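The values are calculated or read from the model by the stated rules, or taken from the named source; none is laboratory data. Since the structure is predicted, the reported quantities are computational estimates derived from the model, not experimental observations. No Cβ is skipped: glycine too gets one built from the backbone with ideal geometry, and neighbour counts run over all protein chains shown. These accessible areas exclude ligands, DNA and RNA; they are computed on the full protein's heavy atoms, side chains included. Shrake-Rupley method; radii C 1.70, N 1.55, O 1.52, S 1.80 Å.
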Amino acid sequence: MSASLEIGIASLTQMTISDQHAQPQVSSEVAEAGQKTVGSPKIKAEVEGLNFFYGKLQALKNINMGFNANQVTAIIGPSGCGKSTLLRCFNRIHDLYPETRYEGKIILQPSGINLIGPETDPLEMRMRMSMVFQKPNAFPKSVFDNVAFGLRLRGVAGKELKDQVEQSLRSAALWDEVKDRLRESAYTLSGGQQQRLCIARALATEPEILLFDEPTSALDPIATAKIENLIFDLKREVTVVIVTHNMQQAARVSDFTAFMYLGELIELAPTKVMFENPAIKLTEEYITGHFG
Amino acid sequence: MSDFKRIIAKRKRQDFIFNIVGIMCTLVGIVTLGALLTDLLMDGLTRLNWTFLTSFPSRFAARAGILSSWVGTLLIMLVTALTAVPLGVSAGIYLEEYARKNWVTNLIEINIANLAGVPSIIYGLMALGLLVYQFKLGQSVLTGGLTLAFLILPIVIVATREALRTIPQGIREAAYALGSSKWQVVRHHLLPYSLGGTMTGIIIALSRAIGETAPLITIGALTFIAFLPPLPVTTQPPFLSIEWLWSPFSVLPIQMFNWVSRPDQDFVVNAAGAGLVLIVVTLLLNAIAILIRYRVRKRIKW
Ligand SMILES: Nc1ncnc2c1ncn2[C@@H]1O[C@H](COP(=O)(O)OP(=O)(O)OP(=O)(O)O)[C@@H](O)[C@H]1O
Ligand SMILES: [Mg+2]
């Protein structure tokens, strides 16, 4: 009983937080977090009253939050709380399956287009987003063709294609390992290399928002560190959303952290605040591992 | 402790017994097949030579050959493959990737599975009514090829769908996430990745069609034919001709059937020779299927 009350209050608190950082006059803590990058943060995407249904099951319940441009937002929460579901709304992957339904809005700035509106073409949204999935899913093609595929869809060819493939592989910290085997099948790479290949593939198309769904769960600490550095660098160019089970990772790479529980957003705050002084008890319990 | 030992000993005994039974069962299959093959080889090899392959059938067993029937088989297979493959693969892709899953597609799905089990002579009857009488295609290579195409269409559809289903959903998601349209996903990913399975299914289907006799007799394939269909290439422009499609035909199994039903023992030997050719072609097809499957498995493992 008291728990559900808490969640009720929580979603209220969280709304005020997200409203705050959407405004020009932000609280000192938010401003501080913003200054780590350039100037005051601009909003890239706003989620408004988002509900999501798998058939009868409601997986997301009235989510309201903002994602700052050129910042990293981490989404944390226990397994099954809807992190992947939220992420997958952004590139409309849910549309591939029957009996899925969105309610509410995800407003993409600066255009103000509603990402999940029925008038919006999912194909266009997928051209503008990139996603790195929970499980590595390289194509059974050559290393080169994996990275080149998205570029070719966008009409890139010739020398430019080669250069961009190389650039993406370098960014994903994979170039040195694969530069002599670009023609080999991606399936000859190790699991961690395959995941970095998927990251390179996602970077290549220069998306507006990069969606990472636990990108490092299959990687060793060295590769993980490389990816984390990469994510940190990436925010100069793009907005990053990352789902992670790893608290340290969220703390290391993100500017904002969102905590989800049972399909609801419990708390959204600057990462520093979230980890040092969370407003809500449930968040604290989860972060400190005294959960349930 | 000793209890354990007793239980383990009992299980080992069971394993041993099943091992023996299994070997026996396998042997029954292998020995029968071996016996059949040796019999066919002994009879057939004596007749198998160049003139046998290049002669028309004849009233005299020693002069009779299988030229018209193997050419017929080849042409029929060509028509069958050229129609059943594009139709079946497209239908399979449509059902698996495009069609919404509802009761209509469920009904179609059940029907296709059932069609694969319909006796081949029923297809012959259908083709006789539809292709020969209705569409007036005659008792031709075209009719024969289309009949067998109908026959194997369900097999090709099912094989295509099965092959598509082995592709992990994550691959589709990755392709869509990059902004591919449905057709681009099919064209650049699903088709190439499922090619091995689809090809295997197609070849198995063709090797079934190549031995079919009943539906072709039903539509009126000839049992004795002493000429070849017109050549597909001509000396005058446009150099290609489809005249052969309208030609009457015979095929290897019908030729065999015809020879076996004769009282003269020499003709039965001829039938064995033709059977040998048929079996070699079928085994060759199967070998190709296995080779493709092996090579694709080596390249793509999910
Ligand atoms: N395709 C689906 N059909 C029906 N229900 C689903 C489907 N995918 C997820 N769900 C349900 O939606 C809820 C949220 O799932 P989601 O995959 O978003 O969780 P998650 O937070 O990403 O968990 P994890 O950390 O384990 O990846 C879960 O209760 C899950 O059972
Ligand atoms: Mg998940």
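What the table shows:
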| quantity | calculated |
| --- | --- |
| Given chain B, longest segment not containing exposed loop trypsin sites (Lys or Arg not before Pro) (DSSP; at most 10 other Cβ within 10 Å) | B:137-300 |
| Isotropically averaged projected area of segment A:140-292, using the convex hull of Cα atoms (one quarter of hull area), nm² | 10.3 |
| Choice from B:158, B:31, B:186 with maximal GNM fluctuation in chain B (Cα, 10 Å cutoff) | B:31 |
| Where N is the number of residues in segment B:1-45, Cα Rg divided by 2.2 N^0.38 Å | 2.08 |
| Qualifying trypsin sites (Lys or Arg not before Pro) in segment A:200-245, DSSP loop, other Cβ atoms within 10 Å at most 14 | A:236 |
| Average projection area in nm² (convex hull over Cα atoms of the protein assembly as shown, one quarter of hull surface) | 41.0 |
| Estimated dipole of segment B:5-75 in Debye, rounded to 20 [Cβ of Lys and Arg +1, of Asp and Glu -1, Cα centre] | 700 |
| Listing of segment A:170-212 residues, each with accessible area lower by at least 50 Å² in the full protein assembly than in the chain alone (probe 1.4 Å) | A:187 |
| Sulfur and carbon atoms: percent of accessible area, the protein assembly as shown [1.4 Å] | 63 |
| Within the protein assembly as shown, percent of DSSP bridges classed antiparallel, to nearest 5 | 60 |
| For B:8-16, mean number of other protein chain Cβ atoms within 10 Å | 0 |
| Value of relative contact order over chain B, rounded to a whole percent, pairs C-alpha under 8 Å and six or more apart | 25 |
| Residues whose placed amide H lies under 5 Å from that of residue A:113, excluding near-sequence neighbours | A:108 |
| Relative packing of peptides A:203-210, A:77-84 - highest average C-beta neighbours within 10 Å first | A:203-210, A:77-84 |
| DSSP-defined antiparallel bridges as percent of all bridges, chain A, nearest 5 | 60 |
| Other-chain or far-sequence residues with amide H under 5 Å of residue A:60's (modelled H) | A:52 |
| Test item: Cα-centred dipole of the protein assembly as shown, Lys/Arg +1 and Asp/Glu -1 on Cβ, debye | 1660 |
| Share of Cα-Cα pairs in chain B lying beyond 28 Å, as whole percent | 54 |
| Max mean-square fluctuation residue, GNM over chain B, Cα-Cα springs under 10 Å, options B:37, B:285, B:45 | B:37 |
| 10 °C / 1.306 mPa s Stokes-Einstein diffusion coefficient of segment B:128-222, Kirkwood radius on C-alpha pairs, µm²/s | 103 |
| Over the protein assembly as shown: helical MRE at 222 nm, DSSP H runs n ≥ 4 each giving -39500 (n - 2.57), nearest 500 | -17500 deg cm²/dmol |
| Segment B:104-172 versus segment A:68-136: alpha-carbon centroid distance in Å | 41 |
| Cα pair distances of segment A:186-266 binned at 5 Å [whole percent] | 3, 13, 26, 25, 18, 11, 4, 1, 0 |
| Shielding by partners, peptide B:189-196 (average Cβ within 10 angstrom, other chains) | 1 |
| Convex hull volume per residue for segment A:171-215, taking Cα atoms only, in Å³ | 76 |
| Out-of-range pairs (alpha-carbon distance over 20 Å; input A:42/A:105; A:105/B:182; A:44/A:235; A:141/A:162) | A:105/B:182 |
| Most fluctuating residue given options B:198, B:213, B:105, as computed from a GNM of chain B linking Cα atoms under 10 Å | B:105 |
| J(HN,Hα) series, segment A:255-267, from Karplus relation 6.51 cos²θ - 1.76 cosθ + 1.60, nearest Hz, glycine and proline x | 8, 10, 10, 10, 10, 10, 8, 6, x, 10, 8, 8, 8 |
